[in-house]
Amino acid sequence: KLFIQGSKIVILVYSIDRKSTFESLNFWCDSINEICGENIILAIVANKMDLFDQGDDGDDDFISEEEGRKFAEGKKAIFKSVSAKIDKKGIDSLFDQVLDAYIEQKGASVDSSKKDEEKSIVIKKDQKNNKKGNKKKCCSN
């Protein structure tokens, strides 16, 4: 429980070809809500979507994308299907969605009475792919 205490964002990943990983999501969602409260940004991620592209979706143990999406909607979570195997399919857009949700949440609850030292870091989302040797910084106070 200590490793999620104080978290603002939690990403839970299950494997579409292992039903047990999907079934454990309820436990993790309940634990997260208990420890972090309901203001947490939660993402449910279906991994190994490349297996559907290969036509291996006839197995009863597979979790359909629709089933995963419905579960995430019920938990008021972001849902994304990804494949870490094929060109990181969907992974970049997952982090974009999570970042957008975080920025939106923070923008709605900014406390302007705080001193400059207490203000949050500004994330400049347009500075992706910061290559080694590039001296630009992605964040500022």
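The values are calculated or read from the model by the stated rules, or taken from the named source; none is laboratory data. Please read all numbers here as calculations on a predicted model, not as lab measurements. In this analysis, Cβ positions are derived from the backbone assuming ideal geometry, glycine residues included, and neighbour counts consider all displayed protein chains. For accessibility, only protein heavy atoms count, side chains too; no ligands or nucleic acids. Shrake-Rupley method; radii C 1.70, N 1.55, O 1.52, S 1.80 Å.
Of note:
- A single member of Asp92, Asp61, Asp87 is open to solvent by 40 Å² or more (accessible area, probe 1.4 Å), assigned to a helix (DSSP H, G or I) and at pLDDT below 90, and it is Asp92.
- Cβ-Cβ contacts under 7 Å between residues 6 or more apart (or on different chains), taken from a first residue in region 23-41 that is under 17 Å from Leu94 (Cβ atoms) to a second residue that is outside any helix (DSSP H, G or I) and charged (D, E, K, R), are listed as Ile40/Lys8; Ile41/Lys8.
- Members of region 1-50 found to be small (Gly, Ala, Ser) and not in a loop (DSSP other than H, G, I, E, B), listed by number: Ser15, Ser20, Ser31, Ala43, Ala46
- Tally of residues being part of a helix (DSSP H, G or I) and not small (Gly, Ala, Ser) across region 64-83: 7
- Within region 39-58, considering residues that are within 15 Å of the chain's Cα centre (by Cα) and open to solvent by 20 Å² or more (accessible area, probe 1.4 Å), the one modelled with the highest pLDDT: Asn47
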